[in-house]
Structures are given as C-alpha cells and as structure tokens.
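Engineer: Take this structure, written in structure tokens, and hold onto it; I'll ask about it next.
The values are calculated or read from the model by the stated rules, or taken from the named source; none is laboratory data. Every value quoted in this text rests on a predicted model; they were computed, and no experiment measured them. Reconstructed Cβ throughout: ideal geometry from the backbone, glycine too, with neighbour counts over all protein chains shown.
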Amino acid sequence: MKAKQLFSGLSLMTLGLGTARAEYTLNLMEGVTTLSRDVYGLHMMVLWVCVFIGVAVFGTMFYSIYFHRKSRGYKASNFHESTKIEILWTIIPTIILIVLAIPATQVMLEMDDTRDSEMTIKVTGWQWKWEYEYLDNGIRFFSSLDEASNKARQLNSGIDPRTIPNYLLEVDKPLVVPINTKIRFLFTAADVIHSWWVPDLGWKKDTIPGYINEAWTSVDTAGTYRGQCTELCGRDHGFMPIVVIAMEKPDYEAWVVKQQGLAVETAAAAEKDWTQEDLIAKGESVYANNCASCHMADGAGLAGTFPAITASSVVTGGMDAQVDLMLQGKGMMPAFGQMLNPVDFAAVSTFIRNGLGNSVGDSIQPAAVKNLQAAIPAIEYDDDDE
C-alpha cells in the first residue's frame, strides 16, 4: 500500500498533475501565504530546470552509448581535450546559475522585507515552550504541549498515543493571528537556540539568546497550521510544537478583547488571598503541565538526571530557598519566574510542598510572588542586530 501511494504521488508530480501532498509527501507544500507560494514557485522552477538538464545529459549519454556501440562497427575517437567543449560546458552552467539566481534573490529580499507591517508579535523560545507577546495590544502568554499529549508521552503512562488527536502537535494556547494582515515577527530565545517553523508559512527562523531575528507573514486562508521546533534544543526538544490559528478579522478582534479581559482577571486574582486548599488544587494541574515531564507525575524524579520532588531537602526546607530556585532556575531547570503568572507560581509552589508525598504545611500567596517577579531583570538583546 505504501509503495503504491509513493508511486502514484511520484507519477502525478512527474506529469504535473499534482504536488503529491499525501501521507507520503514527495514535494514541498505550497502553503497559505504569499511567501510560501513564491518559495514553492521558485522550487518548482528550479526542479524542472534540473529535470530538463538531467533528461538532456542522460539522454545524450544513452543515445551515444546505444547507437555508437562497438557491435555496430563504431570506433571510439582518440583525442586528449577540446578547448571549445571546455569553454562551452563552463559558460552554459554559469548562465543557468545566473538566470536562477535572479528570482531566488528576489524571493530572499521579499522574505526580509518587514516594512509596512500592520502588527508585531515577539516570539521567545524557552526550554521547552514558546512565549508570544503581541507588542501592539499587550497580550502575552506561554504556549506549551497540550495536557493530553503530555500525559501520553510520559514513561509508563499506559496511554496509546494513537488515541490522542494531533499527538505532540497540539498546544494549550495557540498563536492567534488575523488573515490578510502583514504581521512582523521578532524572534529571540531565553536560554538556548530554538527554531520556529510552521511549514504552511513557507519559512523558519532561529531564535537565539540575546539576538533578534525578523520575519513576516500574511495568511490568506483561515485555519489551523501546525509546526515544531527544528533546532535540537535539549531533552524535550520534540515536545514544543507550534500551533497557529488564523481567523477572520472580526473573530480575531473578539479574541483580543477576550484575552485582555482574562489578563485583567489574572491580575485581580494575584491580588487576593488564596486558601491553601485552593492553591494546592490549582497547583496540581500546573505541576502536570510544567514539572511532571522531568520530575515525573508522582514526584519521584529520574535517577541520575532529575531530582525527586518527594522528600526533597529543598522542598521540605525553607520556602525562600525553594521559591528562589524556581524563580531563577538552575542547570536544566528553567526560570519559572518569567514563565508562570503569580497565581500559577504560588499554586505549584504550595502544591509540591503539600503534595507528592510532602506535607510541609505552609504556602505562599500570589501577591508575594508578584513582588518577587518584579525584581527579576529583563532579558537583554543586542541592539545592533535588530
């Protein structure tokens, strides 16, 4: 069956009747943006030039071999070199390369032209999730692997990944953009090099600590488009997918209003006093989404790699030491002080001290966490590279 699909796709592509976008793709995808179509068109042009050259060269070889073989009485000519042929097969490829370089350069210049953008989104890569910040309206959030995929991927989870829709390609909070809008992206990273790639957009960009890369897109068709990090960025590199949802402009504007309302609610929640029971209840889900992949769902850790949460001297010791470690991060542990809002940070801190086999009995309020987060220095960038 697989061989049949491959053969059918190759036949359609060869005949120019399709792009073979089946389960076993043999060609680039055309995408849903102007850039992606330009890249696809450039690719197809170069492909057919290569096909023509291949047919011409191998056709000449096979013709000469067959019709001038020794059995037909032909005798090979004896000559050492031909200056005319040497010049000819140097000039012709040079001309071909120059001709191909012109449209390729045009596409590359177009990809870097972020002028006249209607909105700007900053993308920051973290181990192992994405941070999105809409610089025009103040919306900011982290996008992580969705809970269903995260549970299924755990060691001895007992969950069949084939039962999970879009396994490892779904997130809890997707990037939402309006269609027919030129969007400027700024890319950076907080820890190591990542790479943001959504095939339907037609390009990918590295996110580098202390450095800002730029790109732009304008999505033509409303829909959901998926991608992944394509730079080997550490242990959970394979678990930081990208989901972009393109909406009609009225729907996008309604989404913006909703997100701004949620931000107000989150800020208000950080100012109130929470009971320890409510913090523990909320902290359990925060732990599952952010900590369980390394420290395991039961807090037992992974021997020799990730320390246990259960009976940890840091967790069962003073609250200040634990909170400082979570705020700043250490080694492979990311700095959660910049990743979690005050409520989630306070909730997970309280949960791990009073769950997973621990029973310290204390808690920390979101308002206290908010004050600590305010003292964290902002990430610095190289101004010359923007």
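Engineer: Name the single residue that is farthest from residue 355 (Cα to Cα) among those in the stretch 258-288 being among the polar types (S, T, N, Q) and in a helix (DSSP H, G or I).
Structural biologist: Ranking the candidates gives 260 first.
Engineer: Where the second residue is among the aliphatic types (A, V, I, L, M) and the first is over 17 Å from residue 136 (Cβ atoms) and lies in the stretch 166-181, which pairs have Cβ atoms under 6 Å and are six or more apart or on separate chains?
Structural biologist: 171/243; 174/243; 174/245
Engineer: Quickly run through the stretch 248-290 and pick out the residues that are touching a strand residue (DSSP E or B) at 6+ places or on another chain (Cβ under 6 Å) and either loosely packed, with under 14 Cβ neighbours inside 10 Å or over 24 Å from residue 126 (Cβ atoms) (or both).
Structural biologist: Matches in the stretch 248-290: 249, 252.
Engineer: Is there a residue being in a loop (DSSP other than H, G, I, E, B), crowded, with 17+ Cβ neighbours inside 10 Å, hydroxyl-bearing (Ser, Thr, Tyr) and assigned by TED's automatic domain parsing to the domain that holds residue 345 anywhere in the stretch 291-298?
Structural biologist: So far as the stretch 291-298 goes, no, none of its residues is in a loop (DSSP other than H, G, I, E, B), crowded, with 17+ Cβ neighbours inside 10 Å, hydroxyl-bearing (Ser, Thr, Tyr) and assigned by TED's automatic domain parsing to the domain that holds residue 345.
Engineer: If you don't mind, another one. Taking the residues in the stretch 231-251 that are part of a loop (DSSP other than H, G, I, E, B) and touching a helix residue (DSSP H, G or I) at 6+ places or on another chain (Cβ under 9 Å) as candidates, determine which candidate is modelled with the highest pLDDT.
Structural biologist: 231
Engineer: In addition: Considering the stretch 145-188 alone, what residues qualify as being assigned to a helix (DSSP H, G or I), surrounded by 20 or more Cβ atoms within 10 Å (Cβ to Cβ) and touching an Asp or Glu at 6+ places or on another chain (Cβ under 8 Å)?
Structural biologist: 149
Engineer: Scan 83, 60 and give me the residue that is at pLDDT 85 or above and exposed (fewer than 10 other Cβ atoms within 10 Å of the Cβ).
Structural biologist: Going through 83, 60 in turn, the sole match is 83.
Engineer: Which numbered condition in (1) part of a loop (DSSP other than H, G, I, E, B); (2) among the β-branched types (Val, Ile, Thr); (3) within 17 Å of residue 244 (Cβ to Cβ) is the only one that residue 121 fails?
Structural biologist: For residue 121, the exception is condition (1).
Engineer: Still on this structure, please answer the following. Can you name the residue in the stretch 227-247 that is more than 13 Å from the chain's Cα centre (by Cα) and among the small types (Gly, Ala, Ser) and, of all such residues, is surrounded by the fewest Cβ atoms within 10 Å (Cβ to Cβ)?
Structural biologist: Across the stretch 227-247, the extreme among qualifying residues is 234.
Engineer: In this structure, does residue 224 turn out to be among the β-branched types (Val, Ile, Thr) and either in contact with a helix residue (DSSP H, G or I) (Cβ under 7 Å, 6 or more places away or on another chain) or surrounded by 16 or more Cβ atoms within 10 Å (Cβ to Cβ) (or both)?
Structural biologist: Answer is no for this residue.
Engineer: Considering each residue of the stretch 248-274, count those that are within 25 Å of the chain's Cα centre (by Cα) and of a type in the set (Asp, Glu), and give that number.
Structural biologist: Going through the stretch 248-274 one residue at a time, the tally reaches 3.
Engineer: For residues in the stretch 299-321 being of a type in the set (A, V, I, L, M, F, W, C) and either touching a residue at least 12 places away in the same chain (Cβ under 8 Å) or not assigned by TED's automatic domain parsing to the domain that holds residue 332 (or both), which is surrounded by the fewest Cβ atoms within 10 Å (Cβ to Cβ)?
Structural biologist: 311
Engineer: Among (1) on the phi < 0 side of the Ramachandran plot; (2) under 29 Å from the mean Cα position of the chain (by Cα), there is one condition residue 277 misses while meeting the rest; what is its number?
Structural biologist: Result: residue 277 passes all but (2).
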